[in-house]
Amino acid sequence: MTISSVAGRARARAASLPRTTDAAFVALTVFDVVTLAAHRPAPGVLGLALWGAQTAPLLRRRRWPLGTLAAMTAAFVAFTVLDPVPGKTPGPYFLVLGVYAAARHAPTAASLPGAVLALVTAAATDLACGRSPIPRPDSLQPVTATTYLVFLSVAYALGHALRRIDLDARRLREANERLRVERERNARQAVLTERARIARDLHDVVAHHVSAIAVQARSTEDALPGDPALGRQGAARIAETADTALVEMRRILGLLGGTAGAQPSLGGLDRLIETAEAAGCRVRADVAAEAAALPPPVQVTAYRIVQEALTNVRKHAGPADVRITLRLTGGGLVVEVGNGPPPGPPAVPGSGYGLVGLRERVAAFGGSLHAGPDPAGGWLVRAELPLEGVR
C-alpha cells in the first residue's frame, strides 16, 4: 500500500465523518421524539416540537455554531417555561451538545461568551421555574445549577481542545504542502544546475580539443609540402586529439544516462600540456605536490581552469610561451595560467563563453577569477579556490 493511497483513504474517511455525525444527530432527534411520544399522559404537538427542536439545530452546527447554540438555548428556555410535558425536563444534557459544537467550530473569542451566556440563561431559567432549590444562606446547594456548570464546562473544554487539535493539524498540513513545493522547486533547481554543469563540461571539452585540432590541422597543412613525415605526425596528433575528444564527450554524455565515468583530475594535466605543446606552445608547469591530494571537486575545477586557459592561448595567442602555476596558500589553491605576447594573429576566433563558465565554476566555491592583460606582457588567468569546508 502506497503513502498516497493511505492519504487518500484518510481524506475519504475525514470527508465521510460529518455525514455520519449528521445522521447520528438526526437519529438522536427522532429517538427522543419517539420516546417522548410514549410518555403518559401523551404529550401534545407543541411539546413534541419543542423537545425535538432542542437537538435539530445541531445539523447546522458547522456553518452556524453560535446560531445553533442560541437556537438550542431558546428551545430549552421555551420548553422549561411552557412546561408542555408535566414532569419532563431537558436538564443540561441537550445543551451540552450545543456548547460543544460552539467550542468546536467557532473561534474562542466568540464561543466562550456564547457558552457562558447559555450557561447563565439555562441555570437562571431552571432556578426561576423552580426546577432547582432556591439557595439559602445556611444551605447553598443549587444542585441543578451546579450540574449545569460542570456539564457545560466539560463540554466546552472538550470542544475547544478538539478545535485546537484541528487547527494544529491544518497548520501541519499547510507546512507539509509548503515543504513539498519547496522540495519540488529544489529538485528542479538541482536539475538545472546539473544541466548547466554538464553544458560547461561539454563546452570545455569541445572547445579545447576542437581548437587543438584546428591549430594542428593548419600546422600539418603547412608542413605537408616540405616535410611529409612531419605532416604525418601532425595528422596522427589530430587523430589522437579527436579520439580523446570522443572519449571525453562520451563520459560527459554518460552523466545524462547515469553511466558517467571518472571525473578529470590534476593527474591529467600532462595530457593538456602535451596537447598544447603539440600545437607549438612552449609550456612551463609548476604544480605543488600537495595538489594531488586535494578534494575531487577542487581538482576538477582546477583542471577545467587550466584546460580553458590553454584553449584560449591556442585561440588567441597561437604558439606562445605558457606558464602554469598551481600553489597552495593558507586558505586555498591558486591557479595561474599566463602566456607571453602572441607571435602572430589569433588562430581561432573566440566566443567568450569559456570565461563565463569558469567564473561560474569558481563562484561555486566562493572564489575569485581574474582574466586580463599581464603587466609583464601577454595574458594572465588567475583563480583562487578556497578549500575550507570542501570535501
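The values are calculated or read from the model by the stated rules, or taken from the named source; none is laboratory data. Here the structure is a predicted model, which means the values were calculated and not measured. Positions of Cβ are backbone-derived with ideal geometry, glycine not excepted, and every protein chain shown enters the neighbour counts. For the accessible areas, the whole protein counts, side chains as well, though only heavy atoms, and no ligand, DNA or RNA atoms are used. Shrake-Rupley method; radii C 1.70, N 1.55, O 1.52, S 1.80 Å.
State in Å² the accessible area per residue of segment 41-186; use a 1.4 Å probe, count heavy atoms of protein chains only, and round to the nearest integer. Display every interim value, and only then the final one.
Working: 8090 Å² over 146 residues.
Accessible area per residue: 55 Å².
Across segment 272-312, Cα-Cα pairs farther apart than 15 Å form 48% of the total. For Leu333, the residues 5 or more places off, or on other chains, whose built amide H falls under 5 Å of its own are Leu385, Leu387.
If r is the Cβ-Cβ distance from Ala214 to Arg284 and R0 is 22 Å, what FRET efficiency results, to the nearest 0.05? Walk me through the numbers before you get to the answer.
Values: r = 24 Å, r/R0 = 1.09.
It comes to 0.40.
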